[in-house]
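Values in this text are rule-based calculations from the coordinates and carry no lab data. Here the structure is a predicted model, which is why all the values come from computation and not from measurement. Positions of Cβ are generated from backbone atoms using ideal geometry, with glycine treated the same way; all protein chains shown enter the neighbour counts.
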Amino acid sequence: MHTRKYLILIYLLVFLFTASGCWDRRELNELALATCVGIDLGEDPQHLQMTVEIVLPENISTPGGASGQGKPTFTVKSQGLTAFEAARKLTLNTEERIYFAHNPVVVFGEEMALNGIAPAFDFFIRDPEPRRTAWMLVSEQRAEEIVNIDTMLEPITGIYINKLIEEIVSNSLIASMSVQDFLERLMSPTSSPYCSLIRAKKENDSIIMELTGTAIFKKDKMVGKFDYTEGRGLLWVLGEVKSGIIVVPCENDSNVALEIIRSQSKIIPSITDNTLKITIKVKEEGNLGEQQCPYELTTPQAWSSLEKKKAEAIRQEILAAVRKAQELNTDVFGFGEAFHRKYPKLWKEQLKQNWDVFFPEIEVEILVEAKLRRTGMISKPGIPD
């Protein structure tokens, strides 16, 4: 009987020790929370420089709460032969260990991107702390300049950039990509990665940041840029245009703004007479958003004309993206994956190892169907004849 009581007591003690769920806890005030990470080439090209924005929770103003005292963030930087070494050296400049798990943004300087991001990228996918949902960006300046910028709109740079990327969806002019999506394309034998381009500029008496285009990669090296037109052309092909405005001409040098409501796309590979061909089919729906000309555009003839103009504008955006990608010889559209799925044997025997030869010569046909659904609150323009 006594033996049984002792055994139960031992089991209870063991359970108490093993059930403690907070043995490795880290209090908030013991961590330096990273909210923006920038990677550049170091002063010695063999080294990398990591610049990190760190948030100070006690200095952040909260709605209905106490206002923070002082600047809500500060930045630290260090250099190392690897990104991991640079990250560890950051602790020489701060009392707390840098905590990367809540960082929403990773920015690579353009010089670093042109030379290849592979030496630093491995850290963000191998270490369990940095999150793969963070946005990837390339800065047209050094990344440390972006991390160090103070803006009037949002005191925390990482949050500011994160909001900037989320808002760009409303225009669908720039292609964005997370660390995880970038990794998947980086490991693909054909589909090349891309991410948003960012720069800081002075406007009046303040400094703002803007997304200027899309950085195009071939493997881990940036090889070119897409402007807004080419960027949306890429998104049309990928079926990722969710919203936006297309402006088409009316008469007397006036314009009509047509809203994009939804779209879908399909990439169809084919081979005819030993010639590779891709047919891109895009279906788009939208509304009449605004008109400057004084004519009634809701008549069947005028309505049909607007749809044709919109379809042609979309086709031209796609064509611009395809031409630039073929010039750069980088398959950001996934054409290679399409041929792989439809012609697996031919892909394995001929196309895969020679895709850089085939891709620039692919014949591309673009078919666009655009439909306008609504006219808004009025059918006739609010413009006097």
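Observations on the structure shown:
- Note on region 321-385: Lys pairs 8 or more places apart or on different chains, Cα atoms under 27 Å apart, count 5.
- The order of I314, I168, going from fewest to most other C-beta atoms within 10 Å of their C-beta, is I168, I314.
- Within the listed set I261, I156, I117, the Gaussian network model of the chain (springs between alpha-carbon atoms below 10 Å) gives the highest mean-square fluctuation for I261.
- Along each principal axis, taking the top coordinate minus the bottom one, the Cα set of region 240-385 gives 66, 26, 24 Å in descending order.
- Computed lengthening from E363 to L114, 0.36 nm per intervening residue step minus Cα-Cα distance: 86.7 nm
- Choice from M222, M187, M136 with maximal GNM fluctuation in the chain (Cα, 10 Å cutoff): M187
- Taking 26 Å as the straight-line reach from the Cα of K77, the lysines in range (excluding those fewer than 8 positions away in the same chain) are K89, K163, K201, K202, K221.
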